[in-house]
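*Asks:* Supplied in structure tokens, the structure appears directly below.
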């Protein structure tokens, strides 16, 4: 599996201390292919959840060797009682009876989420075969939010090897692309700060965040959608002094003025973000998801994620259209974000 220069660079850093990463959809062919590449490269310790015999048959049919890959069957695991007791304490699971919790725990997505929550996996990737809600709900019910954040959302990382003048040398962070349909101004602020933090952790460069819109610095508007963006910008600006990483923000900005310095100059838009944005915050899920899919399908741009933001543990809810290459790259990014203490 040929990885991009950026993913290769991250992969090399991971080889000294591989971390366990869990895949609840262990029998999916793309998951098996990605797990084989991960194990072969020694960048992580793949854990596949599901029926052991079925996973082995699926791997054999694809001529995929399972050396270095761990298979766990939730139904026969000796961790069921321990995970059950932990789930019983989760605030968002209080409405379920003991019988219902026991049933939920046999679902690979809940079992994997509990492995992630307890540190038995450093990261989790799900969504290859599931509708978005089925992959997200177990994580949102079990993994706590980061301190100071009230909103869990998602971020998609685009990598453009031939357009290094865009974003962070060709890396562009988009949010939210898969979770919140119509975020409030406060939620947009949370999304912006969570995404900017991940961008800084992954690249070590200053995030330049643009709250994108169909308008740029609109002084007078009666459009509630533009007003929401401007409110989100103002709220975020008030929170900057509490951050432990450098950041620049601006909004409302049209996307061409945010990404292209020439366009920004022609429109007389100045500032540290205009023409230099590397994090784009979309006003709603329609615009974020459409922009992300267009970039992938029309321009054939590499995309990793969506990676969930705002949670205390690294996880991704990938698209059902993801390839094994996409999953491999997403796994590398998640393991890069995982804390050293989360590797067992």
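*Asks:* Semi-axes of the equivalent ellipsoid of segment 116-223: what are they in whole Å, largest first, if each equals the square root of 5 times a C-alpha gyration tensor eigenvalue? Don't jump to the answer; show the numbers that get you there.
*Replies:* Values: eigenvalues 138, 80, 41 Å².
Its equivalent ellipsoid spans semi-axes of 26, 20, 14 Å.
*Asks:* Could you check which residue among 173, 233, 200 shows the biggest mean-square fluctuation in a GNM of the chain with a 10 Å Cα cutoff?
*Replies:* Highest fluctuation among the options: 200.
*Asks:* Once the convex hull of the alpha carbons of segment 215-344 is built, what does its volume come to per residue, in cubic angstrom?
*Replies:* On the way: hull volume 19.5 nm³, N = 130.
Roughly 150 Å³ of hull volume per residue.
*Asks:* Oh, and also: Cut-off is 10 Å between beta-carbons; in what order do 304, 214, 6 appear when sorted fewest neighbours first? Each step should come with its number before you reach the end.
*Replies:* On the way: 304 28, 214 14, 6 22.
Starting with the residue having the fewest Cβ neighbours, the order is 214, 6, 304.
*Asks:* How much of the DSSP bridge set in segment 163-299 is antiparallel, in percent, rounded to the nearest 5?
*Replies:* Numbers: 1 of 13 bridges.
Counting DSSP beta bridges with both partners in segment 163-299, the antiparallel share is about 10 percent.
*Asks:* For segment 30-170, I need the span (max minus min coordinate) of the C-alpha atoms along each principal axis, in Å, sorted largest to smallest.
*Replies:* 54, 45, 25
*Asks:* Calculate the FRET efficiency for residue 129 and residue 165 from the Cβ-Cβ distance with a Förster distance of 30 Å, rounded to the nearest 0.05. Intermediate results must be reported in sequence, preceding the final value.
*Replies:* On the way: r = 37 Å, r/R0 = 1.25.
The value I calculate is 0.20.
*Asks:* Could you tell me what a quarter of the Cα convex hull surface of segment 12-83 works out to, in nm² with one decimal place? Walk me through the numbers on the way to the answer.
*Replies:* Details: hull surface 20.5 nm².
So the mean shadow area of the Cα hull is 5.1 nm².
*Asks:* How long are the semi-axes of the equivalent ellipsoid of segment 153-298, defined as square roots of 5 times the Cα gyration tensor eigenvalues? Whole Å, largest first. Write down the numbers at each step before the final one.
*Replies:* Details: eigenvalues 77, 60, 55 Å².
Output for segment 153-298: semi-axes of 20, 17, 17 Å.
*Asks:* Quick check on the chain: of the DSSP beta bridges with both residues there, what percent are antiparallel, nearest 5%? Show your work: numbers first, answer last.
*Replies:* Numbers: 14 of 39 bridges.
Within the chain, antiparallel bridges account for around 35 percent of the total.
*Asks:* Once you've got the GNM for the chain with C-alpha springs shorter than 10 Å, pick whichever of 189, 322, 178 has the biggest mean-square fluctuation.
*Replies:* 322
*Asks:* Let me know the shape class of segment 174-219, please: from the alpha-carbon gyration tensor, a ≥ b ≥ c as square roots of the eigenvalues, rounded when a/c is under 1.5, otherwise prolate if a/b is greater than b/c, or oblate.
*Replies:* Values: a/c = 2.27, a/b = 1.33, b/c = 1.71.
Oblate, since a/c reaches 1.5 and b/c is not below a/b.
*Asks:* For labels at residue 243 and residue 323 in the simple 7 Å Cα→Cβ model, what's the distance in nm?
*Replies:* Modelled inter-label distance: 3.3 nm.
*Asks:* Can you put 41, 164 in order of Cβ neighbours within 10 angstrom, beginning with the fewest?
*Replies:* Fewest-to-most ranking of 41, 164: 164, 41.
*Asks:* Report the equivalent ellipsoid semi-axes for the chain in whole Å, largest first, defined as the square roots of five times the eigenvalues of the gyration tensor built from alpha carbon atoms.
*Replies:* Values: eigenvalues 256, 105, 54 Å².
Taking √(5λ) for each Cα gyration eigenvalue gives 36, 23, 16 Å.
*Asks:* Take the chain, connect every pair of alpha-carbon atoms lying under 10 Å apart with a spring to form a Gaussian network, then pick out the residue of 23, 262, 140 with the largest mean-square fluctuation.
*Replies:* Most flexible of the set in this elastic network: 262.
*Asks:* Which FRET efficiency value, to the nearest 0.05, do you get for residue 266 and residue 220 by plugging their Cβ-Cβ distance into 1/(1 + (r/R0)^6) with R0 = 25 Å? Don't skip to the answer; put the middle values down first.
*Replies:* Working: r = 22 Å, r/R0 = 0.88.
In this case the efficiency is close to 0.70.
*Asks:* A further question follows. Take residue 137 and residue 88, extend 7 Å from each Cα along the Cα→Cβ direction, and tell me the distance between the two endpoints in nm.
*Replies:* Distance between label points: 2.3 nm.
Only the coordinates and a few stated rules stand behind these numbers; no lab work does. Remember, it's a predicted structure, so these values are computed and weren't measured experimentally. Cβ: placed from backbone, ideal geometry, glycine included. Neighbour counts: every protein chain shown.
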